[in-house]
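For reference, the structure is listed below as structure tokens.
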Amino acid sequence: MGFEGRAGVIVGATGGIGAATARWLAARGARLGLVARREEPLAALAAELGALALPGDAQEAATAQRAVEAVLAAHGRLDFVVHAVGSIVLKPLARLSEDDLMNAFRLNTVSAFHTMKAAVGPMSQARSGAVVVCSSVAAGTGLPNHEAIAAAKAALEGLIRAAAMTYAGSGVRFNAIAPGLTRTPLAAGITGNARALEASLGVHPLGRLGEPEDAAEAIGYLLGAPNVTGSVLPLDGGMAAGRLLR
């Protein structure tokens, strides 16, 4: 499917999934505004793709608003938004601090809220638009030591499902992907450790980790699927489907 003439924002654009998605969409003709905190890699990626570099912290409402306004000013339209922000906090409940929990919510849930809120106005006016956010298999599958990220991503899934119903009549769709462990820089502490990697592969029925390109293709599908809204697409190598077998 082509995205020629379509314009959108990718938040978390310098992360593994965000960068892969930016390249996937740009290769299909999309015009992009890229948001990230790290200015140097952001500028390099934007130059590579001919995109707008929009540095800022997605946890601040003004960042999302500036990004949406910049894409509208440059291209006259806003067709999609991708929120590819994540974190990994591996602590059992007894060791989890309130700060750990709130940081996970601010980064994963509150930043997505700001992004969605900034985008939904112009999309509703145009009566067309698609939002895709990155959840996690941990949101719907009990994984040890994932309490903080499971809570934050489960809240995010609830947010997109409710928004999908609120704005269905306005032609705006909200969906999510829910990856398992994906081979990104964020996960390097796990994928770079032989024992941790072996254990992780053991709970993925397909016996492979996700790749950023897997997520990019799934996000592209959801952005272009006109009859899909309020859905969470698993990208977890069978973890969620196979949980009853363990």
Q: Would you please state which residues of the range 91-123 a label at Asn193 would reach in this model, taking the label point 7 Å out along Cα→Cβ and a backbone N cut-off of under 15 Å?
A: 91-92
Q. Counting Lys +1, Arg +1, Asp -1, Glu -1, what net charge surrounds Pro212 among other residues with beta carbon under 14 Å of its beta carbon?
A. -1
Q: Starting from the Cα of Arg28, step 7 Å along the direction of its Cβ; do the same at Ala241; then give the gap between the two resulting points in nm.
A: 2.2
(Q) Given a 1.4 angstrom probe, what's the average accessible area per residue across the range 60-107, in square angstrom? (A) 53
Q.
Calculate the FRET efficiency for Ala74 and Arg208 from the Cβ-Cβ distance with a Förster distance of 51 Å, rounded to the nearest 0.05.
A. 0.85
Q) Tell me, what is the per residue accessible area of the range 141-188 in Å², probe radius 1.4 Å? A) 38
Q) If packing is taken as the mean number of other Cβ atoms within 10 Å per residue, what is the order of 84-97, 218-231, 164-177, highest first? A) 164-177, 218-231, 84-97
Q) Can you give the accessible area per residue of the range 199-241, in Å², using a 1.4 Å probe? A) 46
**Q.** Accessible-area composition of the range 1-139, carbon plus sulfur, in percent [1.4 Å probe]
**A.** 52
Q. What is the extension gain from Ala168 to Ala225, computed as 0.36 nm multiplied by their sequence separation minus the C-alpha to C-alpha distance, in nm to one decimal?
A. 19.2 nm
Q) What spacing in nm lies between the two simple spin-label points modelled at Arg37 and Ser87, each 7 Å away from Cα in the Cβ direction? A) 0.8
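The values are calculated or read from the model by the stated rules, or taken from the named source; none is laboratory data. Here the structure is a predicted model, which is why all the values come from computation and not from measurement. Neighbour counts run over all protein chains shown; Cβ positions are idealised from the backbone, glycine included. Areas reflect the complete protein model, heavy atoms only, side chains present, ligands, DNA and RNA absent. Shrake-Rupley method; radii C 1.70, N 1.55, O 1.52, S 1.80 Å.
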